Amino acid sequence: MTYQPKTFTLPTLTGLSEKQIKVHLALYEGYVKHVNLIMEKIQALKADPEANAYTMSELRRRFAFEFNGMRMHEYYFSQFEGEKGGDPKSALALAAAEKYGSGENFIAHIKEVAGTRGIGWVVVYSDPGSKTLHTVFVNDHEVGQLAGLPVILALDLWEHSYMVDYVPAEKKNYIDAFFANLNWTVIEKRFEEVAA
């Protein structure tokens, strides 16, 4: 099995330049490349598993970083595809209003979590078991993910996602640009698929 980089049909984005998106997509493609490279190397090292045990174990540890980096970027970029939209009466809007009081409070909460110092991701998960949303700051792709919970929204806060357009002190401007371009219909669909 070999992974291929996905192609995203992105509109012109407000506050995120074409150059920024191009740089960010190239980084995503690097994750895909390294997922495949690690799988190939592990397969080759299996020829002598005893002699290569240490190397294989370190590659397996690195695999989660590369794989989650690939997958999180797929969530991230797909959120900008299509016509911007959203339904204030969607199942996601109702779940957000139940937990946060309103859709506006939900967005304000995500932005508050995004203001956390450091690099990483803000991830909104749906917990189908409890039928609730969880908004979490995840430092590294492979550390801090909520096991088994579907990703509803992914906000990349690694500096590569905005440094072409914004300096670190302007992270808030990048977060505003992210929300200005977010297609809520994509987020609502993700929620509905797991809430059913």
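The values are calculated or read from the model by the stated rules, or taken from the named source; none is laboratory data. Because the structure is a prediction, the values reported are computed rather than measured. All Cβ positions, glycine included, derive from the backbone under ideal geometry; neighbour counts span all protein chains shown.
Each residue in the stretch 183-193 was checked for being under 17 Å from the mean Cα position of the chain (by Cα) and either under 12 Å from residue 15 (Cα atoms) or surrounded by fewer than 16 Cβ atoms within 10 Å (Cβ to Cβ) (or both), and 1 pass. Just so you know, in the stretch 135-144 the residues that are out of contact with any helix residue (DSSP H, G or I) (no Cβ under 7 Å at 6 or more places or on another chain) and either surrounded by 15 or more Cβ atoms within 10 Å (Cβ to Cβ) or among the basic types (Lys, Arg) (or both) include one that is nearest to residue 68 (Cα to Cα), and it is 138. Scanning the stretch 27-60 for residues that are more than 30 Å from residue 74 (Cα to Cα) and either polar (S, T, N, Q) or in contact with a Pro (Cβ under 9 Å, 6 or more places away or on another chain) (or both) turns up just one, 52.
Considering only the stretch 82-121, state which residues are touching an Asp or Glu at 6+ places or on another chain (Cβ under 8 Å), under 15 Å from residue 155 (Cβ atoms) and among the small types (Gly, Ala, Ser). 120 - this is the single residue of the stretch 82-121 that is touching an Asp or Glu at 6+ places or on another chain (Cβ under 8 Å), under 15 Å from residue 155 (Cβ atoms) and among the small types (Gly, Ala, Ser). Please determine whether any residue of the stretch 42-51 is within 21 Å of residue 138 (Cβ to Cβ), outside the structural domain of residue 158 (by TED's automatic domain parsing), of a type in the set (A, V, I, L, M) and out of contact with any helix residue (DSSP H, G or I) (no Cβ under 9 Å at 6 or more places or on another chain). No, every residue in the stretch 42-51 fails to be within 21 Å of residue 138 (Cβ to Cβ), outside the structural domain of residue 158 (by TED's automatic domain parsing), of a type in the set (A, V, I, L, M) and out of contact with any helix residue (DSSP H, G or I) (no Cβ under 9 Å at 6 or more places or on another chain). Residues that are part of a strand (DSSP E or B) and more than 16 Å from residue 69 (Cα to Cα) within the stretch 153-181 are absent altogether. The one condition from (1) surrounded by 14 or more Cβ atoms within 10 Å (Cβ to Cβ); (2) not assigned by TED's automatic domain parsing to the domain that holds residue 163 that residue 96 does not meet is (2).
Within the stretch 32-85, being part of a helix (DSSP H, G or I) and among the basic types (Lys, Arg) holds for 33, 41, 60, 61, 62, 71.
The rows are residues; the columns are (1) more than 18 Å from the chain's Cα centre (by Cα); (2) among the hydrophobic types (A, V, I, L, M, F, W, C); (3) exposed (fewer than 15 other Cβ atoms within 10 Å of the Cβ).
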| position | (1), (2), (3) |
| --- | --- |
| 9 | no, no, yes |
| 46 | yes, no, yes |
| 54 | yes, no, yes |
| 58 | yes, no, yes |
| 69 | no, no, no |
| 82 | no, no, yes |
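Output yes when any residue across the stretch 37-54 is touching a His at 6+ places or on another chain (Cβ under 8 Å), among the hydroxyl-bearing types (Ser, Thr, Tyr) and over 20 Å from residue 187 (Cβ atoms), and no when none is. So far as the stretch 37-54 goes, no, none of its residues is touching a His at 6+ places or on another chain (Cβ under 8 Å), among the hydroxyl-bearing types (Ser, Thr, Tyr) and over 20 Å from residue 187 (Cβ atoms).
If we scan the stretch 86-108, do we find a residue that is in a loop (DSSP other than H, G, I, E, B), closer than 30 Å to residue 167 by Cβ and modelled with pLDDT of 95 or more? No, the stretch 86-108 contains no residue that is in a loop (DSSP other than H, G, I, E, B), closer than 30 Å to residue 167 by Cβ and modelled with pLDDT of 95 or more. Restricted to the stretch 116-134, and to residues there that are assigned to a loop (DSSP other than H, G, I, E, B) and either of a type in the set (Ser, Thr, Tyr) or assigned by TED's automatic domain parsing to the domain that holds residue 31 (or both), the residue that is surrounded by the most Cβ atoms within 10 Å (Cβ to Cβ) is 116.
Could you look through the stretch 141-152, keep only residues that are in a loop (DSSP other than H, G, I, E, B) and under 14 Å from residue 73 (Cα atoms), and pick out the one that is farthest from the chain's Cα centre (by Cα)? Full working, then the answer.
From the stretch 141-152, those in a loop (DSSP other than H, G, I, E, B) are 141-142, 144-150; that's our starting set.
Cutting the leftovers down to under 14 Å from residue 73 (Cα atoms) gives us 141-142.
Details: 141: 9, 142: 12 Å.
Among residues in the stretch 141-152 that are in a loop (DSSP other than H, G, I, E, B) and under 14 Å from residue 73 (Cα atoms), the one farthest from the chain's Cα centre (by Cα) is 142.
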